[in-house]
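S.K.: Structure below; questions to follow.
Derivation of every value follows stated rules applied to the coordinates shown; laboratory data play no part. Remember, it's a predicted structure, so these values are computed and weren't measured experimentally. Don't worry about glycine lacking a Cβ; one is built from the backbone with ideal geometry, like all the others, and counts go over all protein chains shown.
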Amino acid sequence: EAQVTQNPRYLITVTGKKLTVTCSQNMNHEYMSWYRQDPGLGLRQIYYSMNVEVTDKGDVPEGYKVSRKEKRNFPLILESPSPNQTSLYFCASSSRLDGGYEQYFGPGTRLTVT
Amino acid sequence: AQSVTQLDSHVSVSEGTPVLLRCNYSSSYSPSLFWYVQHPNKGLQLLLKYTSAATLVKGINGFEAEFKKSETSFHLTKPSAHMSDAAEYFCVVSGNFGNEKLTFGTGTRLTIIP
């Protein structure tokens, strides 16, 4: 089954404790992105990747890091989480073959930073 | 630069009546436009997309949208609402190619009254 998976689905952590949210897709997609969703703000792009070893900042990259060492994986790293990073996070992937027009979203990771 | 404005944060309609969710966009390029739906506690699913072909776009579940360049609008409609349509809907704009940075609207919550 074609899918984007994220882990963990739910995470409660404390300020300053480094964490990683994993994202993996099994569709051989070139493009991958991370978004955060906050009430009243819609989804905002954090980082995106056009291919392996190619990443770029989105609208709200501060406080986040990403890497793309393998095509299927695109982890999101919070080196020192803060309460304002409490949010719902989505990973998405899309294919260069159709111009990347359809984004396939993971199920989301709900992060709470206390 | 690009932006999207969803004109209503909340829309309520009775089951069996028409649905209209309004979206205006701004883009320096010929945009690609999308509508995504998010059911409660679920990820996002593509409803339909406009990629410079036919201006009237048909999507899944009986939804359609019309691209009007002169009005910079991409409103989502459905002739007859169903209880299962209750969800949050996002209008999304991208650049020339769908893989470029996506900009999401703030969302419209659709409530269906039995």
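S.K.: Could you sort A:70-77, A:30-37, B:32-39, A:2-9 so that the peptide with the highest average Cβ count within 10 Å comes first and the rest follow in order? Could you put the intermediate results ahead of the total?
M.R.: Working: A:70-77: 17.4, A:30-37: 24.1, B:32-39: 22.6, A:2-9: 15.1.
Final packing ranking: A:30-37, B:32-39, A:70-77, A:2-9.
S.K.: Report, as an integer, the average count of C-beta atoms from other chains found within 10 Å of each Cβ along B:101-108. Please list the in-between numbers first.
M.R.: On the way: counts 7, 12, 6, 8, 2, 6, 6, 0.
Per residue, the average neighbour count from other chains is 6.
S.K.: Hey, got the average number of other protein chain Cβ atoms within 10 angstrom for residues in B:37-46? Present the calculation step by step, with values, prior to reporting the outcome.
M.R.: Numbers: counts 0, 5, 0, 0, 4, 3, 11, 11, 4, 5.
So the per-residue partner count for this stretch is 4.
S.K.: Hey, if you put +1 on the Cβ of every Lys and Arg and -1 on every Asp and Glu Cβ in the protein assembly as shown, which of A:Trp34, B:Pro18, B:Thr5 ends up farthest toward the positive end of that dipole?
M.R.: Ranked along the dipole, the leading option is A:Trp34.
S.K.: Hey, another quick one. Who wins for biggest fluctuation among B:Gly43, B:Gly62, B:Gly16 in a Gaussian network model of chain B, springs between alpha carbons below 10 Å?
M.R.: Its mean-square fluctuation being the largest, the pick is B:Gly43.
S.K.: Could you sort out which of A:Lys65/B:Lys49; A:Lys17/A:Lys57; B:Lys49/B:Lys78; A:Lys65/B:Lys42; A:Lys71/B:Lys42 sit more than 19 Å apart by Cα distance in this structure?
M.R.: Details: A:Lys65/B:Lys49 30 Å; A:Lys17/A:Lys57 23 Å; B:Lys49/B:Lys78 15 Å; A:Lys65/B:Lys42 25 Å; A:Lys71/B:Lys42 25 Å.
Beyond 19 Å between Cα atoms: A:Lys65/B:Lys49; A:Lys17/A:Lys57; A:Lys65/B:Lys42; A:Lys71/B:Lys42.
S.K.: To continue, here is another question. State the Cα centre-to-centre distance between segment B:40-114 and segment A:1-42 in whole Å.
M.R.: 23
S.K.: Kindly provide log₁₀ I(q)/I(0) values, in the same order as q = 0.13, 0.16 Å⁻¹, from the Debye equation applied to equal alpha-carbon scatterers of segment B:28-114.
M.R.: Debye intensities relative to I(0), on a log10 scale: -0.42, -0.62.
S.K.: Taking each residue of A:50-61 in turn, how many C-beta atoms of other protein chains fall within 10 Å of its C-beta, and what is the average?
M.R.: On the way: counts 2, 0, 0, 0, 0, 0, 1, 1, 3, 4, 0, 0.
Counting Cβ atoms of other protein chains within 10 Å of each residue's Cβ and averaging gives 1.
S.K.: Return a whole-number percent for the relative contact order of chain B, with Cα pairs under 8 Å and 6 or more residues apart as the contact set. Numbers along the way, then the final one.
M.R.: Numbers: 297 pairs, mean separation 42.7, N = 114.
Averaging sequence separation for qualifying contacts and normalising by length gives 37 percent for chain B.
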